[in-house]
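Shown next, in structure tokens, is the structure this report addresses.
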Amino acid sequence: MFSLLFLGSVSFLLSLFLTPMVRGVFRRSGLAQRGSEATGLHHPIPRAGGVAIVISYLVAYVCLLAVPLKGGIVVWDSLNFTLRLMPAAGLIFMIGLVDDIKGLEPWHKLLAEVIAATAAYWAGIHIQSISGYGTEAWWNLPATIIWLVACTNAINLIDGVDGLATGIGLFATCTTLVAALIQNNAALALATVPLAGCLLGFIRYNFNPATIFLGDSGSLFIGFLLGSYAVVWSQKAATILGMTAPLMALSIPLLDMTVAIARRYLRRQPLFEGDLNHIHHRLLNRGFTPRKVALVLYACAAVGALGSLVVMNRNISGFIILAFCMTTWIGVQHLGYVEFGVAGRLLIDGAFRRLLNSHISIENLEESLTAASTLEDCWNVLRRHYHEFGFYRIEVHIAGQKLSECAETQPFQSWKVTVPISEISYIELHRGFGPAQQHQVVALFVDVMRKVLEPKCTAFERIGPQAQRARVAISASA
């Protein structure tokens, strides 16, 4: 216990005194600075908080081992876990610092994160089970890498309001520390307590109005450590739910990252391109001040932290998880993301399934038309497929031939599209008015006909109308 108190106190004091020193150095050098959008300040603010946190974190261990008491010797074996993890965490810190100073492409950072996560895996950070399955499964490595990369970027993405990422990281760190004490996991406790002290000292300067930011060096480093600690927490969990409790402790940043990826995917936007639609941005748009946004999300993080500790009790874990999921769903709905509402309605009214079937029909049409070698074959393919896209009449004018087919029932009002295939050949399609979302499918149908029939039409026109007339006579009469 002395070692924990010593580490926490020393890391807190170091962070409290080193942060303004680091801030001054980077402010004078002009490196890693930007304005504070959240506070409205226009003068540059250093993005070098990660430097102060990492120095405080490491020096706290040096001080523990240097004290003339037996505590440092006793905990040496427990510190072995932290020492094994430091090379991977150091790589994450360095890539973040380079990004803060010079800027990096998202793929460069992602590659470094994967390398660091792989190094952490070989250092003993293994996701051993999910719902009680796969202690030695082949997916342990990819699952661990995905988890660590997700946690690393989750803290980074939520760092958009003064003090938000620091505070949420502090809640998650303290929760992990409490879980380690409950599990009597000395190695995990000794790894987490200095991070809690560092964050507690740093938030003094990072809360609104901030005078220094975490930067990528800080947010990536914190996210990576929290992801690693969560895996160790799950390894000692007394429940088959494994990663559920750590996931709840990190629920706010992970939820924000998941929602951001889903939004960008539905809108067909680049997944790594930043936007102003994160959870904290939505709250700002609703009139919340930056300080109030941070406090509201602190409260949500506290609820998730409490739930993660309670869920460790098997007797009530199922109820807690269900209540947590329902609360999360209601919260996301109240944020007013239009993308999810539209996607949900498409699924409920069957529009998504109809659209999927139409795209399958497009693929079949393209495959059949490509395989057709004669005008007769092409005509038969078009006859089989045109009605699937809502057309009731088709007229084909190719190589001097006119072939047509019309459904028995015709709409009262309709529209016509003419598809030019060559200078003298074209196809006319007649269709009744229908839902607007089907227009995209019609456009795909037209594009496929032009793409496949255009080169074929040149060959048909060279053959001449007499030869083609003899070959399609039977088909046309049918």
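The values are calculated or read from the model by the stated rules, or taken from the named source; none is laboratory data. Everything quoted here is computed from the prediction, not taken from an experiment. So basically every Cβ, Gly included, is an ideal-geometry build from the backbone, and we count neighbours across all protein chains shown. Please note that ligands, DNA and RNA were not included when accessible areas were found on the heavy atoms of the full protein model with its side chains. Shrake-Rupley method; radii C 1.70, N 1.55, O 1.52, S 1.80 Å.
Quick notes on this structure:
- Only one entry in Leu369, Leu284, Leu309, Leu355 is in contact with a Cys (Cβ under 7 Å, 6 or more places away or on another chain), in a helix (DSSP H, G or I) and either touching a residue at least 24 places away in the same chain (Cβ under 8 Å) or more than 30 Å from Ile182 (Cα to Cα) (or both), namely Leu369.
- Members of the stretch 371-416 that are under 20 Å from Lys451 (Cβ atoms), surrounded by 13 or more Cβ atoms within 10 Å (Cβ to Cβ) and among the polar types (S, T, N, Q): Thr374, Asn380
- Filtered residues of the stretch 259-295 (kept if open to solvent by 50 Å² or more (accessible area, probe 1.4 Å), of a type in the set (Val, Ile, Thr) and closer than 21 Å to Ala210 by Cα): Thr289
- With respect to (1) open to solvent by less than 60 Å² (accessible area, probe 1.4 Å); (2) assigned to a helix (DSSP H, G or I), the lone exception for Val303 is condition (1).
- Residue under evaluation Phe324, criteria (1) part of a helix (DSSP H, G or I); (2) touching a Lys or Arg at 6+ places or on another chain (Cβ under 7 Å), criterion not met: (2)
- Where Cys174 falls short, out of the listed (1) buried (at least 24 other Cβ atoms within 10 Å of the Cβ); (2) on the phi < 0 side of the Ramachandran plot: (1)
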